[in-house]
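The values are calculated or read from the model by the stated rules, or taken from the named source; none is laboratory data. No experiment lies behind these values; they were computed from the predicted model shown. Virtual Cβ from ideal backbone geometry, glycine too; neighbours counted across all protein chains shown. To get the accessible areas, we keep the full protein, side chains included, count just its heavy atoms, and leave off ligands, DNA and RNA. Shrake-Rupley method; radii C 1.70, N 1.55, O 1.52, S 1.80 Å.
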Amino acid sequence: MTCRICGAATLPAGAKQGTHCRREFRYQRCPSCAFTFVANPWTDYAQIYNEAYSRGQGPDPWIDYVFELEHPARTVRIHEWRGIARLVNSLRPVNAQTKWIDFGCGNGGLVRHVRAAAGCQILGFEEGWVAGYARGFGIPILNESELAAHAGTCDVVTAVEVIEHVEDPVAVLRRIRTLLKPGGLLFLTTGNAAPYRGRFLEWGYNVPEIHISFFEPATLRTALEKAGFRADFRGFLPGFDDILRYKILKNLKQREAGGWERLLPWPILTRL
């Protein structure tokens with residue numbers, strides 16, 4: 001198989017049994033750009049991203065979308081929302097005129113948080129079951145047919161833990177780029193496969209039913225540049241402490257913010 005990022009020939013990189021749909025998933029790895037991907041992905045998206053998934057009963061048991069919507073001040077996700085808002089503002093100051101789309105917004109929690117905290121024009125885009133549920137909370141989430149009307153209008157697009165879910169990352173990045181004004185900002189997050197190069201199959205982020213594309217920093221740079229972006233890695237920015245705080249607590253299966261976790265020295269821990 002050829003690489004979906006750079007077009008080079010890829011090599012087999014092992015196989016892993018799914019924990020949810022109970023089938024074997026095969027991996028390919030590109031020796032040129034280090035892109036690793038599931039060669040036979042599960043693509044029944046309506047079945048994958050259904051109500052059970054949103055309630056933590058699917059391939060990712062740490063998903064807690066319904067609780068987050070119903071209790072936004074209690075969920076540990078509030079740290080991530082706050083961190084992303086700080087980080088984006090440090091790169092491109094956000095005001096009432098800022099047009100922002102959160103692409104693959106899940107339950108729209110970031111959209112709701114940023115609207116309240118910054119008062120900017122932020123919309124979500126999502127197609128899973130949770131999008132309909134979130135609209136019931138008054139969160140503005142676009143569907144597929146509505147997204148094209150926003151081409152070339154955005155100052156900011158975020159894609160938080162999205163790119164690992166897609167088969168053709170460059171095509172998705174190109175689509176995101178059409179939403180941005182010239183000079184617009186895309187901020188995205190995804191898992192870093194580089195530290196796990198020698199033990200990829202053991203990596204906890206490797207959930208083959210839903211995570212099908214894996215990147216090292218150089219891989220991500222190549223994908224962004226092929227999509228027409230200028231890739232920029234800025235180091236530890238304002239807000240990273242809160243974003244990583246959420247990820248640590250999520251991996252510890254902590255559901256609610258507060259209590260013991262408030263006592264920890266997060267600025268030090270997250271840099272470590």
Residues of region 193-212 classified as touching a Gly at 6+ places or on another chain (Cβ under 7 Å) and crowded, with 20+ Cβ neighbours inside 10 Å, total: 2
In region 6-45, residues that are in contact with a strand residue (DSSP E or B) (Cβ under 6 Å, 6 or more places away or on another chain), at positive phi and among the aliphatic types (A, V, I, L, M) total 0
I'm told A149 meets every condition in (1) in a helix (DSSP H, G or I); (2) in contact (Cβ under 8 Å) with a residue 60 or more places away in the chain except one. Can you identify the failing condition by its number? (2)
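Could you list, in sequence order, the residues of region 64-119 that are open to solvent by less than 50 Å² (accessible area, probe 1.4 Å), of a type in the set (A, V, I, L, M, F, W, C) and part of a loop (DSSP other than H, G, I, E, B)? Spell out the reasoning first.
Step one: list which residues in region 64-119 are open to solvent by less than 50 Å² (accessible area, probe 1.4 Å), which gives 64-69, 72, 75-81, 83-85, 87-88, 94, 98-111, 113-114, 118-119.
Those left that are additionally of a type in the set (A, V, I, L, M, F, W, C): 66-67, 69, 76, 78, 81, 84-85, 87-88, 94, 100-101, 103, 105, 110-111, 114, 118.
Residues satisfying the conditions are V76, V94, C105.
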Would you mind telling me which numbered condition in (1) modelled with pLDDT of 95 or more; (2) open to solvent by less than 60 Å² (accessible area, probe 1.4 Å) R174 fails? (2)
State which residue is farthest from the chain's Cα centre (by Cα) when the search covers only region 120-145 and only residues that are open to solvent by less than 30 Å² (accessible area, probe 1.4 Å) and over 21 Å from Y45 (Cβ atoms). C120
Please verify whether region 186-204 includes one or more residues that are in a loop (DSSP other than H, G, I, E, B), touching a residue at least 12 places away in the same chain (Cβ under 8 Å), hydroxyl-bearing (S, T, Y) and under 27 Å from K99 (Cα atoms). yes
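Assess whether R245 counts as being of a type outside the set (V, I, T) and either in contact with a helix residue (DSSP H, G or I) (Cβ under 6 Å, 6 or more places away or on another chain) or buried (at least 17 other Cβ atoms within 10 Å of the Cβ) (or both).
Values: of a type outside the set (V, I, T): yes; either in contact with a helix residue (DSSP H, G or I) (Cβ under 6 Å, 6 or more places away or on another chain) or buried (at least 17 other Cβ atoms within 10 Å of the Cβ) (or both): yes.
Yes: the conditions hold for R245.
Return the residues of region 218-228 that are open to solvent by less than 30 Å² (accessible area, probe 1.4 Å), over 17 Å from A13 (Cα atoms) and not small (G, A, S); say none if nothing qualifies. Explain how you work it out, then say what you get.
Let us first name the residues in region 218-228 that are open to solvent by less than 30 Å² (accessible area, probe 1.4 Å), namely 219-220, 223-224, 227.
This time we only want the ones that are over 17 Å from A13 (Cα atoms), so: 220, 223-224, 227.
L220, L224, listed by residue number.
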Which residue pairs have Cβ atoms under 7 Å apart, sit 6 or more places apart or on different chains, and have a first residue in region 38-58 that is without any contact (Cβ under 8 Å) to a residue 24 or more places away in the chain and a second that is surrounded by fewer than 15 Cβ atoms within 10 Å (Cβ to Cβ) and assigned to a loop (DSSP other than H, G, I, E, B)? G56/W62
Mind checking whether some residue in region 146-162 is among the hydroxyl-bearing types (S, T, Y), buried (at least 23 other Cβ atoms within 10 Å of the Cβ) and touching a strand residue (DSSP E or B) at 6+ places or on another chain (Cβ under 8 Å)? yes
If we scan region 258-270, do we find a residue that is closer than 18 Å to R92 by Cβ, of a type in the set (V, I, T) and open to solvent by less than 70 Å² (accessible area, probe 1.4 Å)? no
Restricting the first residue to region 248-272 and requiring it to be at pLDDT 95 or above, which pairs with a second residue that is charged (D, E, K, R) and open to solvent by 70 Å² or more (accessible area, probe 1.4 Å) meet a Cβ separation below 8 Å and a spacing of at least six or different chains? E256/R74; A257/R74
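Inspect region 210-218 for any residue being at negative phi, assigned to a helix (DSSP H, G or I) and at pLDDT 95 or above and give the result as yes or no.
So the first thing to find is which residues in region 210-218 are at negative phi, and the list is 210-218.
Add one more test, that the residue is assigned to a helix (DSSP H, G or I), and what stays is 217-218.
In the following step, the residues that additionally are at pLDDT 95 or above were identified as 217-218.
Scanning region 210-218 turns up at least one residue that is at negative phi, assigned to a helix (DSSP H, G or I) and at pLDDT 95 or above.
Taking F215, is it out of contact with any Cys (no Cβ under 6 Å at 6 or more places or on another chain) and surrounded by fewer than 17 Cβ atoms within 10 Å (Cβ to Cβ)? Lay out the reasoning, then the answer.
Numbers: out of contact with any Cys (no Cβ under 6 Å at 6 or more places or on another chain): yes; surrounded by fewer than 17 Cβ atoms within 10 Å (Cβ to Cβ): no.
Against the criterion (out of contact with any Cys (no Cβ under 6 Å at 6 or more places or on another chain) and surrounded by fewer than 17 Cβ atoms within 10 Å (Cβ to Cβ)), F215 does not qualify.
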